1. Taking θ as phi - 60°, what are the ³J(HN,Hα) couplings along region 104-117 by the Karplus curve (6.51, -1.76, 1.60), each to the nearest whole Hz, with x for Gly and Pro?
2. Find, among the GluC sites (Glu not before Pro) in region 86-134, those assigned to loop by DSSP (not H, G, I, E, B) with at most 16 other beta-carbon atoms within 10 angstrom.
3. If one puts a single equal scatterer on every Cα of the chain and applies the Debye formula without solvent, what log₁₀ I(q)/I(0) results at q = 0.11, 0.16 Å⁻¹?
4. Express the relative contact order of the chain as a whole percentage, based on alpha carbon pairs under 8 Å and six or more residues apart in sequence.
5. Could you pull out the longest piece of the chain with no exposed loop trypsin sites (Lys or Arg not before Pro) in it, calling a site exposed if DSSP puts it outside H, G, I, E, B and it has at most 11 other Cβ atoms within 10 Å?
6. Skipping prolines and chain starts, which residues have an amide H placed within reach, meaning under 5 Å, of the one on MET79, given they are 5 or more residues away or on another chain?
7. Whole-Hz ³J(HN,Hα) for each residue in region 24-41, computed from phi via Karplus 6.51 cos²θ - 1.76 cosθ + 1.60 with θ = phi - 60°, x for glycine and proline: what do you get?
8. Karplus couplings for region 50-59 from phi (6.51 cos²θ - 1.76 cosθ + 1.60, θ = phi - 60°), rounded to Hz, Gly and Pro as x?
Amino acid sequence: MAKGLLVVYTGASGVGKGTIMEKLLADNKNLKLSVSATTRAPRPGEVDGVNYHYITKDEFNNMIDNDLLLEHATYCGNMYGTPKAAVLELLEKGFDVMLEIEVKGYEQVKRLYPECVTIFVLPPDVKELERRLRKRGTETDDVIKERLARAVEEMEYAPKFDYQVINDDVDRAEKEILDIISNIKNDRNKEN
Ligand code: 5GP
């Protein structure tokens, strides 16, 4: 059994997952974010090796063939996956590891690691999601529409997750997630 906690963190594109995550990582130094591999092009400001490992489709398929990914999925035409070795190493060192992944990835991780903790971040309402996606201004209209449709589909998975956190306020949502993680760790420590 790994020493750290594996946390699956999911939510629709534009829900504010990234902003909450930045705060979580700043406020809980035992928490690490797994850096995914993707075939998507970097957005302005994104840095290779920090936001994602940006790789080609061939490189991605090689990682699948060599069993180097813990899970992977296609999202709006691009491939995304979690490099396995880095996550297992962090868990072994006792860090808690967040996987910021979509629902197909969640299903794979849940099957492989049933003891993982799963958190779904919801928008206060769908209109707010659309507003946030448009405000970000990094996607074309077609991509925004595709991402919104996917977001609505993904929200149907929310009840399957252990926790549903509404991002009505970033600080409040972050605090709720910090509390969820620390309560679970306390409970698991008591059991051991
Ligand atoms: P974005 O292009 O907005 O960065 O990410 C699109 C979606 O892919 C988001 O829902 C994000 O959580 C998800 N995603 C990012 N990395 C991974 C990954 O490694 N695996 C899976 N399954 N989904 C990912």
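Rule-based calculations on the coordinates, nothing more; no lab input. This is a predicted model, so every value here is computed, not measured. Here Cβ is always computed from backbone atoms with ideal geometry, including for glycine, and neighbour counts include all displayed protein chains.
1. For region 104-117, the Karplus-derived couplings read 5, x, 3, 4, 5, 5, 4, 5, 6, 10, x, 7, 5, 9 Hz, x marking Gly and Pro.
2. Details: sites: GLU89, GLU92, GLU100, GLU102, GLU107, GLU115, GLU128, GLU130; in loops: GLU102, GLU115.
Answer in residue order: GLU115.
3. -0.48, -1.08
4. Working: 282 pairs, mean separation 63.3, N = 192.
33 percent.
5. Details: sites that count: LYS3, LYS29.
Answer - 30-192.
6. Hits under the 5 Å cutoff: THR39, ARG40.
7. Karplus values, whole Hz, x for Gly and Pro: 4, 5, 6, 8, 10, 6, 8, 9, 10, 9, 5, 8, 7, 9, 8, 9, 5, 6.
8. Residue by residue, region 50-59 yields 9, 7, 8, 8, 8, 10, 7, 4, 4, 4 Hz.
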